[in-house]
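Colleague: Submitted below is the structure of interest, expressed as structure tokens.
The values are calculated or read from the model by the stated rules, or taken from the named source; none is laboratory data. The model shown is predicted, which means the values in this text are computed figures rather than measured ones. All Cβ positions, glycine included, derive from the backbone under ideal geometry; neighbour counts span all protein chains shown.
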Amino acid sequence: MSIPATNPTYYEILNLSPSALTSLDEPAAASLIKRAYRRALLRHHPDKKSSTSSSPSSLPSSSPASAPGYTIDQISTAYATLSRPALRQAYDRSLLVLQSQRHRPSSLAPSSATESPGGGGGGGGAADFQTGIETVDLDDLDYEEKGRGRDSETTWYRSCRCGNPRGYQFGEADLEDAADLGELMVGCADCSLWLRVCFAVLDDDDDGQDEKGGEKREQHAGKGSGDGMKPVLLNSGEVAA
């Protein structure tokens, strides 16, 4: 399936240059894609863009007033595709095919009925490269704890459709890294599927200290959780019951 000309490419959604990525080694490219994903999510997220409209960034971009609006699903799908080298290479090949089709005589070009089955909804021909991004709440995931007190660590996990019982897995450090976004993208260890985990960051109190006079601590909990949630106290290394 080729990519319709009316749809933005994944590079356009994340405001990235394909040539810039090809000039970097894979770790540097992965870092750049992640920063572009975070920037796009903050800019276009309904709950985030008002608080970040005046924040400076190291990534080049057009002005917010003139920049097109993209959905969270478009941004997440673009990141899920470009952040995996194999998927990015396949997507780049599809872009080349589209470019060649645009230069064909009209009698040789594929019709719109067959050019892009299912590609319009996600932008950039997502159906070829992404079979779906499931969105879940942090409280919906299983977890396990290792160690006690300051040495304790919590790992969350979920089974994947590919058959891996712990295909999606992440820890406290991953949540801390995505705290300003309120959601974490987790790729399956064995396939190309992705999981979007939503969570909220809660402070113990407003004065910067906990009830014992220690440092202010942050908690991560599912956005829809109730009294039965089990948040993580990232700064203390402890898990509250």
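Colleague: If a residue must be touching a residue at least 24 places away in the same chain (Cβ under 8 Å), closer than 13 Å to Leu138 by Cβ and surrounded by fewer than 18 Cβ atoms within 10 Å (Cβ to Cβ), how many such residues does segment 153-175 contain?
Modeller: 0
Colleague: Having 2 or more residues that are at pLDDT 90 or above and surrounded by 19 or more Cβ atoms within 10 Å (Cβ to Cβ) is the bar; report the helices (runs of 4 or more DSSP H) wholly within segment 1-59 that clear it.
Modeller: 10-14, 26-44
Colleague: Just to verify a result, which residue in segment 120-157, among those that are assigned to a strand (DSSP E or B) and polar (S, T, N, Q), is modelled with the highest pLDDT? Write out each step before concluding.
Modeller: Residues of segment 120-157 assigned to a strand (DSSP E or B): 133-137, 142-146, 153-157.
Within this subset, residues satisfying the condition of being polar (S, T, N, Q) are 135, 154-155.
Working: Thr135: 90, Thr154: 91, Thr155: 95.
Among them, the one singled out is Thr155.
Colleague: Working only within segment 70-87, note down all residues that are crowded, with 22+ Cβ neighbours inside 10 Å and either assigned by TED's automatic domain parsing to the domain that holds Cys198 or not aromatic (Phe, Trp, Tyr) (or both).
Modeller: Within segment 70-87, Gln74, Ile75, Ser76, Thr77, Ala78, Ala80, Thr81, Leu82 qualify.
Colleague: Among Asp190, Asp174, which is the only one that is part of a helix (DSSP H, G or I) and not hydroxyl-bearing (Ser, Thr, Tyr)?
Modeller: When all the criteria are applied, what remains is Asp174.
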